[in-house]
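Since the structure comes first, as structure tokens, the remarks are kept for the end.
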Amino acid sequence: MPASKSKSPKTGRTPTPEPPPFEGYVTDAFFDEMFVDEKRVRPFYSRLHKRMGRLTPDQLQERRQMADASFLNQGITFTVYSDNQGTERIFPFDLVPRIIPAKEWAHIEAGLVQRITALNLFLHDIYHNQNILRDGVIPRRFVDEGKHFRREFMGFNVPRNIYIHICGTDLVRDDSGEYLVLEDNARCPSGVSYVLENRQTLKRVFPHIFEEYGVRPVEHYPEELLNLLKYIAPHGKPNPTVAVLTPGIHNSAYFEHSFLARQMGVEIVEGRDLVVEDDHVFMRTTRGLQAVDVVYRRIDDDFLDPLVFRPDSMLGVPGIVGAYRAGNISLANSIGTGIADDKVMYYFVPRMIKYYLDQDPILPNVPTYLASEKEDYKYIMDNLPKLVVKAANEAGGYGMLVGPHSTKAEIARFRKLIQDDPRNYIAQPTLALSRHPCFINDTFEGRHIDLRPYVLYGEKVSIIPGGLTRVALKKGSLVVNSSQGGGSKDTWVLEGDE
Amino acid sequence: MMLSRVADSLYWMGRYVERAENIARTVNVNQQLILDLPSHQANRIAKDWFAVVAALGEEESFLERYKKRDMDTVSEFLIFDRSHPSSIVGSLSAARENARTVREQITTEMWEQINRSYLWLISKSARQFYEKGSYEFFQRVKKALQLFQGITESVMLHGEGWEFIQLGKHLERADMTSRLLDEEYFLIRTADCTPAEALNQWLAILRCTNARLVYQRLYASMVEPTKVAELLLLNGLFPRSVEFCIYQLDQSLRRLSGVMPGRFSNRAEKLSGRLLSELSFSTIEDLCEPGLHAAMDKMQVQLGDIGEAIMETYIHPTSHQVTASPLVAVGQPQQ
């Protein structure tokens with residue numbers, strides 16, 4: 001095994017024809033997670049830097065192949081539909097873990113708790129008295145015009161008064177290293193299975209690297225999730241039957257749905273497995289119909305129930321919304337949370353925090369311009385080539401313009417789109433996202449990253465340490481979404497600060 | 001208690017894994033068979049392998065795809081052609097897709113074994129392996145599938161889900177054995193050759209079912225058609241015989257429902273119980289009285305009915321209607 005070879009640098013002289021992979025690493029004036037500058041390594045990275053720097057490119061390649069094979073054999077893949085061979089690819093995994101010291105994590109955690117608390121208060125408010133609108137803190141039209149605002153649920157009380165149970169909040173760091181919130185994903189955030197699988201894979205390929213660090217575990221996520229789902233059972237029912245509702249095997253996140261169901265020990269169901277009778281939801285089983293109490297649904301509102309939302313949805317369960325209204329089934333997340341992760345509403349989250357909690361946001365937003373505001377509109381139109389423009393309701397890196405990386409034609413197209421529907425667009429300055437060393441073509445190079453922690457809101461708020469670090473693997477790219485050529489890394493939160 | 005859809009997937013996973021192994025045996029043995037024949041016969045047979053396709057009931061889908069019926073096209077059709085479920089790749093792919101939908105029910109080792117086997121089978125290296133010498137290739141395919149069966153046996157909870165895998169496996173195996181015995185579909189037409197030459201065909205059937213040495217031990221005699229049929233249909237101790245498979249299937253059904261042998265609580269149990277009794281209380285002469293072809297034909301119908309009855313009882317009970325829908329009609333973007 002190469003692990004033992006690399007361990008003993010003192011016994012005999014090992015010929016090293018290739019330069020150590022960190023030699024010639026450049027930070028290009030970005031905030032680098034590992035390096036203060038090209039000569040100095042941040043103290044909490046120094047042991048990792050030493051260990052990884054000791055490996056030859058061949059040894060690193062070998063580890064990478066081990067990691068890739070492990071993902072492939074486990075079937076953690078997506079299918080490339082462009083050819084007929086059924087080719088399957090893995091989501092790229094980078095070997096170099098990202099490290100977050102305890103103090104930094106405490107700051108992030110406090111910020112996320114504050115944010116989800118405010119978002120849940122906001123959702124309760126706009127589906128009841130709408131005080132925040134009455135008081136003019138948020139202009140009413142932004143809610144009324146929101147594509148994901150579910151008028152039908154005005155006055156409806158959700159179990160335990162929790163709307164967003166599972167939230168994936170995307171964070172980035174700017175050129176000073178400050179953590180900023182880029183967006184909230186309050187409907188069906190995906191990716192948490194990669195957090196767990198990345199950890200397991202890194203443990204397999206670099207078992208010794210963990211020995212020198214106190215890395216906080218992440219494996220308890222499914223347990224925490226199950227506790228939360230049981231907590232929201234209708235009428236506080238003890239030992240409720242929980243199920244994960246998936247759009248099916250062809251959904252790109254199916255692996256995750258199945259993974260979570262397996263880890264929690266609950267059924268994974270498709271719409272066609274469920275049937276609603278007298279406002280109660282049942283699974284079709286080999287022993288007839290069995291009642292279901294809590295559904296962790298990975299299907300968006302729009303597709304959930306063809307009787308209420310999109311009638312063309314083949315994924316949903318006719319009648320499930322009626323059962324939900326009748327209080328016989330609990331859904332996570334609740335219906336109607338999409339209004340809170342609308343990219344326009346994002347602009348108002350700092351105000352929500354102030355309004356409901358009387359606090360300043362611990363994690364600030366990225367400066368944002370609303371195309372529907374007169375002054376902002378002018379600024380956006382004048383500065384399109386410099387800005388990042390996002391559609392309010394899109395996810396997965398779609399409907400997005402990165403000004404500095406776009407052609408004139410793309411910019412012109414967005415100019416037209418914004419003109420036609422200002423409510424649907426926001427703009428942000430192009431951030432100099434922080435970078436992290438990644439193992440690319442036999443050497444380490446800096447790539448832009450973000451961080452998606454997973455926030456669970458049940459009896460209390462719990463956040464597994466770290467989250468998913470996504471990497472824009474294309475040189476210079478700022479888009480980290482897996483659908484757009486992104487990869488991911490294991491993310492370590494340390495017990496201490498070094 | 002388990003989801004009907006899950007039971008369905010486990011059942012079909014069991015069937016397809018078994019089918020892949022049986023196809024591998026069949027193609028392998030028939031390729032070997034040619035080596036044992038005098039050259040004039042070998043040449044003739046190599047040009048027409050349609051009987052093998054017909055035995056599997058895949059005449060139509062073969063004719064849609066191929067013009068020539070020689071050993072190479074038929075082998076290609078039965079090994080690598082992924083466009084239908086009666087090839088090794090097609091079966092294994094279907095088994096894997098079913099396994100993927102029930103990953104929370106099966107163990108990690110089971111999934112990884114089926115996944116690895118599939119990924120290997122569609123790789124370039126598997127193809128090169130086959131072209132270098134098909135014997136080693138088939139050995140590898142069989143080993144991979146047997147390993148899966150072994151892992152299933154030794155690590156999976158022997159509960160309801162396991163029983164559905166067993167149902168699929170034993171029904172498929174019984175069906176395949178009965179097809180192999182159907183003399184209409186022999187590569188060597190026994191009428192066209194001397195009795196000595198015809199023996200090759202019966203030997204090939206024994207090899208397909210791994211029964212060559214078992215036969216020798218039990219009968220210690222020349223290979224005789226009646227004895228081969230007796231071994232493969234009525235020997236209750238031989239794991240590839242129809243009686244053995246139906247006994248196991250019947251046991252699984254009874255463990256699922258808790259109904260004692262000799263009685264029934266649903267149509268699947270009624271049909272499997274009847275077939276089991278028929279096999280238990282018949283000699284090979286009774287069974288083959290209408291002729292081997294007619295007898296095997298009838299048996300395949302009976303097996304098909306049992307399969308339908310299992311679906312009716314556990315997967316699509318008519319008491320609540322099932323709307324089978326395509327999995328994805330409209331997609332949703334991922335957050």
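The mean sequence distance of close C-alpha pairs (under 8 Å, at least 6 residues apart), as a share of the length of chain A, puts its relative contact order at 23 percent. A viscosity of 0.692 mPa s and a temperature of 37 °C, combined with the Kirkwood radius over Cα pairs in Stokes-Einstein, give a translational diffusion coefficient for chain B of 156 µm²/s.
For helix A:343-352, report the angle its Cα long axis makes with the longest principal axis of the Cα atoms of chain A; keep it between 0 and 90° and round to the nearest 10°. Between helix and principal axis, roughly 90 degrees.
Please list log₁₀ I(q)/I(0) at q = 0.12, 0.15, 0.18, 0.20 Å⁻¹ for region A:322-453, using the Debye equation with identical point scatterers on the alpha-carbon positions. Log-scaled intensity ratios, in q order: -0.64, -0.89, -1.08, -1.20. In region A:247-387, Cα pairs under 8 Å separated by at least six residues give a relative contact order of 16 percent. Beyond 25 Å in Cα-Cα separation lie the following of the pairs A:K50/A:K103; A:K474/B:K124; A:K386/A:K489; A:K103/A:K386; A:K147/A:K408; A:K203/A:K460: A:K474/B:K124; A:K386/A:K489; A:K103/A:K386; A:K147/A:K408; A:K203/A:K460.
Counting, for every residue in B:111-118, the Cβ atoms of other protein chains within 10 Å of its Cβ and taking the mean gives 3.
As a rough footprinting exposure proxy, the listed residues B:H170, B:H158 were ranked by other beta carbons within 10 Å of their own, and the order from fewest upward is B:H158, B:H170. A compact globular protein would have a Cα radius of gyration near 2.2 N^0.38 Å; the ratio found for region B:1-133 is 1.19. Residue order for B:F164, A:F444, fewest other beta carbons within 10 angstrom first, comes to A:F444, B:F164. With contacts taken as Cα pairs under 8 Å at a separation of at least 6 residues, region A:142-283 carries a relative contact order of 16 percent. Can you pick out the pairs among A:K237/A:K390; A:K39/A:K354; B:K142/B:K227 whose Cα atoms lie more than 31 Å from each other? Correct reply: A:K237/A:K390; A:K39/A:K354. Helices in chain B, meaning DSSP H runs of at least 4 residues, each add -39500 (n - 2.57). Divided by all residues, the mean residue ellipticity at 222 nm is -21500 deg cm²/dmol. Seen from a random direction on average, the alpha-carbon convex hull of region A:258-353 projects onto 8.0 square nanometres. With a/c under 1.5 counting as rounded, go ahead and sort region A:144-236 into rounded, prolate or oblate using the C-alpha gyration tensor (a ≥ b ≥ c being the square roots of the eigenvalues; past the cut-off, prolate if a/b is larger than b/c, else oblate). Because a/c hits 1.5 or more and a/b fails to exceed b/c, region A:144-236 counts as oblate. Using a/c under 1.5 as the rounded threshold, could you call region A:190-315 rounded, prolate or oblate? The axes a ≥ b ≥ c are square roots of the C-alpha gyration tensor eigenvalues, and prolate needs a/b larger than b/c, oblate otherwise. Prolate shape, in that a/c is at least 1.5 and a/b is the bigger ratio.
Which whole-number percent of Cα pairs in chain A have a distance greater than 45 Å? Value for chain A (Cα pairs over 45 Å): 14 percent.
Under the classification rounded if a/c is under 1.5, otherwise prolate if a/b is larger than b/c and oblate if not, where does the protein assembly as shown fall, given a ≥ b ≥ c as square roots of the Cα gyration tensor eigenvalues? Prolate, because a/c is 1.5 or more and a/b exceeds b/c.
So how tilted is helix A:192-205 from the main axis of chain A? Cα-based, degrees 0 to 90, rounded to 10. Orientation of helix A:192-205: about 20 degrees from the principal axis. In plain terms, the residue of B:C288, A:C167, B:C208 with the fewest other Cβ atoms within 10 Å comes first and the most crowded comes last, giving B:C288, B:C208, A:C167. Here the protein assembly as shown carries DSSP beta bridges of which approximately 75% are antiparallel, counting only pairs with both residues inside.
None of the figures in this text is laboratory data; all of them are computed from the coordinates on show. Since this is a predicted model, take the numbers as computed values, not measurements. Virtual Cβ from ideal backbone geometry, glycine too; neighbours counted across all protein chains shown.
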